Amino acid sequence: MNDNSQPAQSPLRLMVINPNTSEAITARLRALAEDEAGGSVTVSAVTARFGAPYISDRAGAAIAAEAVVDVAKAELLDGAAPDAIVIACFGDPGIDALQEAVPCPVAGFAEAGLRAAAEQPGPFMVATNGEAWCDMLAELAATIGLSDRISSFLSIGDAAARDAELCRAMITEEAERTGAARVVLGGAGLIPILADVAAELPLPLVDPHRAAIRKAIALARTS
């Protein structure tokens, strides 16, 4: 009797890199990635070995860019063999360098979210916590050719980062002012309130964190 059965396919391996040094944020990112990826993907999450607990300015982002490449190389030297990597920061520090340094596809929260929003018609706004991040995201948008699609960049501030109702009100007001058809709301610190913000928001919310997970998986399956 011939055995025509095929060997079981190994689960796709996704590595999520937290450019912050906070283990609590890493745990949050791992949970989100596992929820989005589903059971057919094995998720590992690693934390930057140096830098800021929570990146809030250009200096922290510059250090994080080095830390991302550092921890990825350390993981690979230790035997990790991811099929794709996600840089889990809404700003993608170190993405260009990491793409050159590793043999697998790399996705980042910011670029994945902006491109996902740009796939739909009409202008969109980008919201996060921190004026410095708004400036850096505007520069990224210009680099990838999406500046003319974005109506505005909104820094919601620390209070709204903890209060879904306040965050929703700020986004709604800004969208009405600028004519945005949707909003990309990103930042690891905002993940806990995203679902509550989206629940009663009068415009669609693009979750860049989940968009990056989906993009990384798609890249791994087609590479």
Tally time: how many residues in the stretch 43-72 are assigned to a loop (DSSP other than H, G, I, E, B) and either under 19 Å from Ala31 (Cα atoms) or not basic (Lys, Arg) (or both)? 9
Would the stretch 141-151 turn up any residue that is more than 24 Å from Ile25 (Cβ to Cβ) and among the basic types (Lys, Arg)? yes
Of everything in the stretch 17-72, what is free of Cβ contacts under 8 Å to residues at least 24 places away in the same chain, of a type in the set (A, V, I, L, M) and touching a Phe, Trp or Tyr at 6+ places or on another chain (Cβ under 9 Å)? Give them in sequence order. Ile63
Any idea which of (1) touching a residue at least 60 places away in the same chain (Cβ under 8 Å); (2) under 29 Å from Asp158 (Cα atoms); (3) part of a helix (DSSP H, G or I) is the one Glu75 doesn't satisfy? (2)
Among the residues of the stretch 185-196, are any more than 28 Å from Ala84 (Cα to Cα) and more than 13 Å from the chain's Cα centre (by Cα)? yes
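A short reminder: the numbers here are calculations on the coordinates, not readings from a lab. Every value quoted in this text rests on a predicted model; they were computed, and no experiment measured them. Please note: Cβ atoms are built from the backbone with ideal geometry, for glycine as well, and neighbour counts cover all protein chains shown.
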